[in-house]
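Here is the structure we will look at, set down as structure tokens.
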Amino acid sequence: DMKVEADIYLSPERFAVAGGIIEKGTIAAMLFRVTGIVGGKPRIVLQHVNRLRDDMAPEWPRVEPYGGYRLEIEGTNPLKADFQIGMPGGEGSSFDEALAMTAARCVNAIEAVVQASPGFKTFFDLPPLTGKYTMHDL
């Protein structure tokens, strides 16, 4: 099964971003979690944070200095690893690199889309784009 949760951070002031004006009291940051449940127990959690400005939702997790992805595995011999994006040698900014990663997911969906029946589809209609190995109830 899967559970989706979201938290929002409302802007304390009016400000401008490249896409337009963010009004005071509207959403300036969002954190969402997707929890994969196997055998009735949470087994994996994906958490994603978006901010329209670096000072929004300062208490939420972040990967310094430019943003990125964090992997945390709890248990015996826990593991925590940060994968920074926006670093020299990449696309030039964490935003550009995030767009490249999003585009990669679209490219990897081509085979599933081509093999689907005709008509409008959402990701719910296509097979999961997963790795070779998946989790099973132990």
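When segment 56-90 is filtered for residues that are modelled with pLDDT under 80, of a type in the set (Gly, Ala, Ser), surrounded by 12 or more Cβ atoms within 10 Å (Cβ to Cβ) and not in a strand (DSSP E or B), the ones remaining, listed by number, are Gly67, Gly86, Gly90. Whenever a residue of segment 78-89 is farther than 13 Å from Gly68 by Cα, its partners that are exposed (fewer than 10 other Cβ atoms within 10 Å of the Cβ) and of a type outside the set (Phe, Trp, Tyr), lying with C-beta atoms within less than 9 angstrom and at least six residues away or across chains, give the pairs Leu79/Leu71; Lys80/Leu71. The residue that is most open to solvent (accessible area, probe 1.4 Å), counting only those in segment 1-51 that are at pLDDT below 90 and outside any strand (DSSP E or B), is Ala18. For segment 103-114, the set of residues classified as modelled with pLDDT under 85 and open to solvent by 70 Å² or more (accessible area, probe 1.4 Å) consists of Arg105, Cys106, Val107, Asn108, listed by residue number. In the set Asp55, Asp82, Asp96, only one residue is out of contact with any Ser or Thr (no Cβ under 7 Å at 6 or more places or on another chain), among the charged types (D, E, K, R) and over 22 Å from Tyr9 (Cβ atoms); that residue is Asp96. On the basis of being out of contact with any Lys or Arg (no Cβ under 7 Å at 6 or more places or on another chain), surrounded by 10 or more Cβ atoms within 10 Å (Cβ to Cβ) and either modelled with pLDDT under 85 or of a type outside the set (Asp, Glu) (or both), does Ser117 make the cut? In short, no.
The values are calculated or read from the model by the stated rules, or taken from the named source; none is laboratory data. The structure presented is a predicted model; accordingly, all values stated were derived computationally and were not measured. Neighbour counts are summed over all protein chains in view; Cβ atoms, including those assigned to glycine, are modelled from backbone coordinates with ideal geometry. The area values use the complete protein model at the heavy-atom level, side chains included, leaving out ligands, DNA and RNA. Shrake-Rupley method; radii C 1.70, N 1.55, O 1.52, S 1.80 Å.
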